[in-house]
Amino acid sequence: MAYTITYYNEALQAEVMALPRTLQARYIGLTARMMIYGANLGSPHTEAFGGGLFELRLKGAEGIARVFYCTLVGKQIVMLHCFVKKSQKTPNNERKIAEARMKEIKK
């Protein structure tokens with residue numbers, strides 16, 4: 001059975017699809033793989049943050065972006081938050097947004 005990908009809300013889906021062209025192409029390619037093989041593609045594509053939170057790592061000519069996601073029962077992958085990285089380390093506030101959204105949907 002294939003995995004399904006959903007979004008926290010429509011605004012997030014629009015934000016992901018508005019990423020710069022090379023990042024968007026990378027996102028589409030990696031999520032196509034996730035729908036076949038599951039949420040964990042391994043390094044360097046995905047990374048586990050613990051507590052059920054993962055990040056999809058996108059790198060392209062226009063820069064670096066991250067998309068936080070979690071998994072639900074029934075082979076569902078839920079995209080929670082997206083941002084373009086501007087520093088080496090993932091900002092805490094970006095991770096907190098994703099964690100809050102994950103708590104909300106897992107209730």
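The values are calculated or read from the model by the stated rules, or taken from the named source; none is laboratory data. Only a predicted model underlies this, so the values are computations on that prediction, with no experimental measurement involved. Cβ: placed from backbone, ideal geometry, glycine included. Neighbour counts: every protein chain shown. Ligands, DNA and RNA are excluded from the accessible area calculation, which covers all protein heavy atoms including side chains. Shrake-Rupley method; radii C 1.70, N 1.55, O 1.52, S 1.80 Å.
Pairs of alpha-carbon atoms within less than 8 angstrom and 6+ residues apart define the contacts here; what relative contact order does the stretch 51-101 have, in percent?
29 percent
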- request: Mind checking which lysines have their Cα closer than 20 Å to the Cα of K89? Skip sequence neighbours fewer than 8 apart in that chain.
  value: K59
message: What distance in nm lies between label points placed 7 Å from Cα along the C-beta direction at I105 and T90?
response: 1.5 nm
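Could you work out the mean projected area of the convex hull around the alpha carbons of the chain, in square nanometres to one decimal?
6.4 nm²
Given a cut-off of under 8 Å on Cα pairs at least six residues apart, what relative contact order in percent is computed for the chain? Intermediate results must be reported in sequence, preceding the final value.
Values: 160 pairs, mean separation 28.6, N = 107.
Relative contact order comes out at 27 percent.
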query: Taking a ≥ b ≥ c as the square roots of the eigenvalues of the Cα gyration tensor of the stretch 1-55, is the shape rounded (a/c under 1.5), prolate (a/b larger than b/c) or oblate?
result: rounded
task: Specify which residue in the list M17, A32, A48 is farthest towards the positive end of the charge dipole of the chain, using unit charges on the beta carbon of Lys, Arg (+1) and Asp, Glu (-1), about the Cα centre.
output: A48
field: Accessible-area composition of the chain, carbon plus sulfur, in percent [1.4 Å probe]
entry: 54 percent
field: Heavy-atom SASA rank of E10, E99 (probe 1.4 Å, accessible area, largest first)
entry: E10, E99
